[in-house]
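The values are calculated or read from the model by the stated rules, or taken from the named source; none is laboratory data. Please read all numbers here as calculations on a predicted model, not as lab measurements. Cβ sites come from the backbone with ideal geometry, for glycine too, and all protein chains shown count toward neighbours. To get the accessible areas, we keep the full protein, side chains included, count just its heavy atoms, and leave off ligands, DNA and RNA. Shrake-Rupley method; radii C 1.70, N 1.55, O 1.52, S 1.80 Å.
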Amino acid sequence: MITLADRDWRLIRDDPRAGATQMALEEIAARTALEDDLRTVRVYSWEPSTLSLGYRQDADTVDWDFCEREGIDVTRRQTGGGGIYHDRYADISYTIVAPADEVPGDLMDCYELFCEPILEAFDRMEVDAAFASAEQEAIYQPSCYLRDINPAHDIVASADAGVDAQKISGNAQYRQRDVVIQHGSISYDLEPHNHVGVFDADLEASTFTDRVTSIRDEVGIDREDAVDAIAGALGDWSDATESTWRDGELDAARELAARKFGSDGWIRDREVLAADEQ
């Protein structure tokens with residue numbers, strides 16, 4: 001059995017930040033985990049609202065005019081999958097960062113471990129959620145919430161609805177400098193107009209609402225209470241100490257965001273910095 005709570009963890013209830021900075025902070029947290037033996041769990045939001053593209057997603061799938069008109073930022077994740085519209089209010093995101101040699105080497109086992117606090121958070125909110133029990137075919141592959149539902153890492157509600165279950169959280173992992181980073185999007189509320197509008201496709205808002213549900217739709221609690229439940233479950237799972245980013249980490253993240261995650265080369269063409277520049 002993997003025991004994480006006897007190691008040093010910090011819980012960060014992060015400030016709203018631009019998408020490029022949020023993605024850069026994950027890599028900075030990976031550096032801190034290796035160099036300072038300090039692991040991170042955090043809950044965060046996006047300001048402005050942001051479309052995060054999957055690592056291999058074609059930039060031509062984005063409706064760039066819509067994003068500009070609606071004030072929606074665009075960045076690209078290190079993880080695969082489809083794009084996710086992270087609404088400033090409707091989306092709650094989280095990150096878990098830990099050295100790879102401390103967690104299961106098998107991807108599915110690691111997903112199961114790292115999703116424990118997320119499922120616990122849903123339980124605390126009295127949302128009847130679980131890993132998907134049945135696969136569902138993709139409606140629109142470039143969208144994370146409309147692509148095929150995978151029992152390995154997609155969380156749905158209600159738990160026993162089978163092929164009629166609706167997605168409520170998507171989760172993904174990648175490895176950076178011998179560190180495992182898992183991040184996920186949790187639907188607090190639905191903004192279907194923007195969720196489909198960010199894509200250059202003829203999609204009806206009902207396509208999204210038929211496939212996706214939210215915490216607010218399921219149990220009607222306030223957003224602050226949902227954030228507290230998620231942060232509390234992450235903190236209890238890792239026995240983390242409440243903390244904040246160090247000044248040096250924030251400075252490094254802003255610099256990395258400017259050079260990589262906020263650059264057109266990365267966002268549109270997946271241009272990667274040389275190893276000595278990261």
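At-a-glance table
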item: Which listed residue is in contact (Cβ under 8 Å) with a residue 12 or more places away in the chain and either closer than 21 Å to LYS167 by Cα or in a strand (DSSP E or B) (or both), from ALA98, ALA29; result: ALA98
item: Filter result (outside any strand (DSSP E or B) and crowded, with 23+ Cβ neighbours inside 10 Å) within the range 133-152; result: CYS144, TYR145, LEU146
item: Those residues of the range 159-187 which are touching a residue at least 60 places away in the same chain (Cβ under 8 Å), within 11 Å of VAL212 (Cα to Cα) and not in a strand (DSSP E or B), in sequence order; result: none
item: Enumeration of residues in the range 53-84 that are open to solvent by less than 10 Å² (accessible area, probe 1.4 Å) and not hydrophobic (A, V, I, L, M, F, W, C); result: GLY54, THR75, ARG76, THR79, GLY82, GLY83
item: One residue from ASP128, ASP123, ASP148, ASP160 being out of contact with any Asp or Glu (no Cβ under 9 Å at 6 or more places or on another chain) and acidic (Asp, Glu); result: ASP123
item: Boolean, VAL179 is modelled with pLDDT of 95 or more, touching a Cys at 6+ places or on another chain (Cβ under 7 Å) and over 16 Å from GLU126 (Cα atoms); result: no
item: Residue that is nearest to the chain's Cα centre (by Cα) [pool: residues in the range 22-52 that are surrounded by fewer than 21 Cβ atoms within 10 Å (Cβ to Cβ) and of a type in the set (D, E, K, R)]; result: GLU47
item: Pair list, Cβ < 7 Å and 6+ apart or interchain, from the range 63-86 residues that are without any contact (Cβ under 8 Å) to a residue 24 or more places away in the chain to residues that are open to solvent by 10 Å² or more (accessible area, probe 1.4 Å) and of a type outside the set (Gly, Ala, Ser); result: GLY71/PRO48
item: Test: residue in the range 189-205 that is touching a Phe, Trp or Tyr at 6+ places or on another chain (Cβ under 7 Å) and closer than 20 Å to ILE96 by Cα; result: no
item: The range 101-112, residues that are assigned to a helix (DSSP H, G or I), open to solvent by less than 20 Å² (accessible area, probe 1.4 Å) and hydrophobic (A, V, I, L, M, F, W, C); result: CYS110
item: Members of the range 67-87 that are part of a loop (DSSP other than H, G, I, E, B) and farther than 20 Å from LYS167 by Cβ; result: GLY71, ILE72, GLN78
item: Where a residue in the range 211-224 is in contact (Cβ under 8 Å) with a residue 40 or more places away in the chain and its partner, wherever it lies, is part of a helix (DSSP H, G or I) and surrounded by 15 or more Cβ atoms within 10 Å (Cβ to Cβ), with Cβ under 6 Å and at least six apart; result: ILE215/ALA226
item: ALA59 being touching a residue at least 12 places away in the same chain (Cβ under 8 Å), under 20 Å from CYS115 (Cβ atoms) and either of a type in the set (A, V, I, L, M) or in contact with a Pro (Cβ under 7 Å, 6 or more places away or on another chain) (or both); result: no
